[in-house]
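Throughout, read-outs are computed from the coordinates displayed, never taken from laboratory work. Note that this is a predicted model, so its numbers are computed, not measured. Cβ: placed from backbone, ideal geometry, glycine included. Neighbour counts: every protein chain shown.
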Amino acid sequence: MSKSLMIGLVLGVLMVLAAVLTKAVTPIVHISESRPALMLSEAIPLQFGEWKEEKNLASVVVNPQMEATIKRIYAQTLSRTYVNSDGERIMLSIAYGNDQRDAVQLHYPEVCYPAQGFQVISNRQGVLVTSQGTIPVRRLETNFSNKRFEPVTYWTTVGDEAVTGGISKKIAEMRYGLKGEIPDGLLFRISSINTDTQAAFALQDSFIKTLLNELQPDMRLRLAGLGAPSKVGVKAGDL
């Protein structure tokens, strides 16, 4: 057998193996089809702790182009404003998708806020400690024409894992992909209007912890990647 023919055969075998391997690891099963249907409007309570929904209050104006993009990317969205007994308000937005892969990045707050005329002054990563575990979060400081100051806290879930985007999101997608699965997931975002950024983030953390304590374990897992409550290593100030 000639050397050129041998090389051709080897290359042919390698191409076939590559095709087979690609086929084997290509995600083909949506995990959303094997878990209970998620209804955000029913899963998220209208009232919990000292918080209750405030109806007929517009939190932010969404331009038609952005609204069309959101509907194309996500299967469900939920937007509510909650108010506590002190009159403090938190704006909640959750967007759920059956396919939580790269397309969801189009609606990250650092992208959609500037699209609506806001400036993103800072964007940093943080960790929210709860009685059920920790959540990796993103903290944004935004303002609109130096008149509306709106600190933002958000995270994304890929399947049952909370991530903040970038490499961590890609790694989570790959873990599911190697099992032939396409993960569902969501983007959880809250914000409030306050010129005192630290006070705003503290209030947002309190809101999140109160909400998580009201949810069933399976919903906590899907919403924030948190498992069963754990008392190990939890300080009183973290609750």
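Here are a few things to note about the model shown:
- Under 17 Å of direct C-alpha separation, and excluding same-chain neighbours fewer than eight residues apart, LYS179 reaches these aspartates and glutamates: GLU33, ASP99, ASP160, GLU161.
- Listed pairs LYS52/LYS170; LYS169/LYS209; LYS147/LYS169; LYS55/LYS147 exceeding 29 Å between Cα atoms: LYS52/LYS170; LYS147/LYS169
- Those residues of the range 198-215 whose amide nitrogen sits under 20 Å from the label point placed on GLU53, 7 Å along Cα→Cβ: 207-215
- Whole-Hz Karplus values for the range 214-221 come out as 8, 8, 6, x, 5, 6, 4, 5 Hz, taken residue by residue from phi with 6.51 cos²θ - 1.76 cosθ + 1.60 and θ = phi - 60°; glycine and proline positions read x.
- Taking 0.36 nm per residue of sequence separation and removing the Cα-Cα distance, the ASN98/GLN125 pair yields an extension gain of 7.2 nm.
- Note that the range 139-151 has calculated 3J(HN,Hα) couplings of 10, 10, 10, 10, 8, 10, 6, 6, 10, 10, 9, 10, x Hz, one per residue in order, obtained from phi through the Karplus relation 6.51 cos²θ - 1.76 cosθ + 1.60 (θ = phi - 60°); glycine and proline are x.
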